[in-house]
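These notes concern the structure reproduced below.
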Amino acid sequence: MTARDLRLDEDELQAFVDGHLSPDRCRAAIAHLAVNADDADRLAAYRELNAELRSLYDDVLHEPLPARLRVAWHVAQPSWLARLRSRFRIDLGIWAPRFAALAILVALSGAAGWWLKGEPAPIAEAEAPAAAFARQAAHAHMLFAPDLSHPVEFWADQRESLLQWLSTRLGEAVHAPDLASLGFTLVGGRLLPSAGQPAAQLMYEDSDARRITLYIRGRWSVAESSPLSDAQEGNVQYASEGAISLVYWMEGPFAYALIGEMDRDQLFASAHTIQTELQSPDLLPAAPAAADPATEQREQT
């Protein structure tokens, strides 16, 4: 690669951070950052900032629409004026504004009571952690698996850097299973936000360009999984989100989800292969040990 190939302007550096740089220029950017420590530190800070922003706000895009904002909910609720009219059979035209004002006053009084008591008003029951995890994994697959230009942040030839980065962000060692026996090779991976915590997505592809993704996130407690009484260690569960099918399970420090265009039996068989791989994962390369000054002095003499 020539020196001219390594020159990148600020627009290209920003595109690299945002994941919009072409693969060829992406390799040039990596080579540029390897010899330009200041740019490498600055872009690393930008990438961290992007990840923090996504972790704070991306989940809002996938929140279910509250029932009170859906047309069907309002259609199903009979008019209180119609109920009163049919019950008392009187003309409420004069009294309707007064009833409305009374209803508003009651609502404000209730809200003021909660505020003075110092407690929040009750809200709808939260989504079960297992269901939320499966939904987030499916949405991440639907978003990035069809992407032909930049499906991952780190490509397979940067596997060691990818796994070290993901392990640092998730707080435990992240491993990329070898799925060659299933006909899939690693494309790469990326960091994603998931309910306020980091998640990893590893993408694989077969010879027909069919892609599957392995979604990894910190596990939830079994007590939180009460809707799924059989949520045990390593026990694989099946779920679907729209046209997407997936299997998921908890093992070690993480929860895993495998998503792809496979039937139920293929997904379970593939999950078993991944579980077997994770029981004897490739260790991340250890950092070189610091040299002993006394040993260095003896070698020099």
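The values are calculated or read from the model by the stated rules, or taken from the named source; none is laboratory data. Being a predicted model, the structure only gives us computed values, none of them experimental. Here Cβ is always computed from backbone atoms with ideal geometry, including for glycine, and neighbour counts include all displayed protein chains.
Of all residues in the stretch 151-177, count the ones that are farther than 17 Å from residue 21 by Cα, touching a residue at least 24 places away in the same chain (Cβ under 8 Å) and either assigned by TED's automatic domain parsing to the domain that holds residue 20 or not β-branched (Val, Ile, Thr) (or both).
Looking only at that region, the number is 16.
How do the pairs read when you match residues in the stretch 183-196 that are at positive phi with residues anywhere that are of a type in the set (Val, Ile, Thr) and surrounded by 20 or more Cβ atoms within 10 Å (Cβ to Cβ), using Cβ under 9 Å and keeping only pairs 6 or more apart or on different chains?
Short answer, once both residue conditions are applied: 188/152.
Residues in the stretch 3-20: is at least one in contact (Cβ under 8 Å) with a residue 40 or more places away in the chain, hydrophobic (A, V, I, L, M, F, W, C) and within 13 Å of residue 153 (Cα to Cα)?
So far as the stretch 3-20 goes, no, none of its residues is in contact (Cβ under 8 Å) with a residue 40 or more places away in the chain, hydrophobic (A, V, I, L, M, F, W, C) and within 13 Å of residue 153 (Cα to Cα).
Which pairs do you get when a residue that is in the same structural domain as residue 213 (by TED's automatic domain parsing) and outside any helix (DSSP H, G or I), found in the stretch 134-150, comes within reach of a residue that is surrounded by 15 or more Cβ atoms within 10 Å (Cβ to Cβ) and among the basic types (Lys, Arg), reach meaning Cβ atoms under 7 angstrom, with the pair 6+ apart or on two chains?
Once the first residue is in the same structural domain as residue 213 (by TED's automatic domain parsing) and outside any helix (DSSP H, G or I) and sits in the stretch 134-150, its partners that are surrounded by 15 or more Cβ atoms within 10 Å (Cβ to Cβ) and among the basic types (Lys, Arg) give 145/211.
Determine if the stretch 177-186 includes at least one residue that is closer than 24 Å to residue 52 by Cβ and not small (Gly, Ala, Ser).
no
Going by the structure shown, is residue 28 under 26 Å from the mean Cα position of the chain (by Cα), over 30 Å from residue 241 (Cβ atoms) and modelled with pLDDT of 80 or more? Give the steps one after another, and end with the answer.
Numbers: under 26 Å from the mean Cα position of the chain (by Cα): no; over 30 Å from residue 241 (Cβ atoms): yes; modelled with pLDDT of 80 or more: yes.
No, not satisfied.
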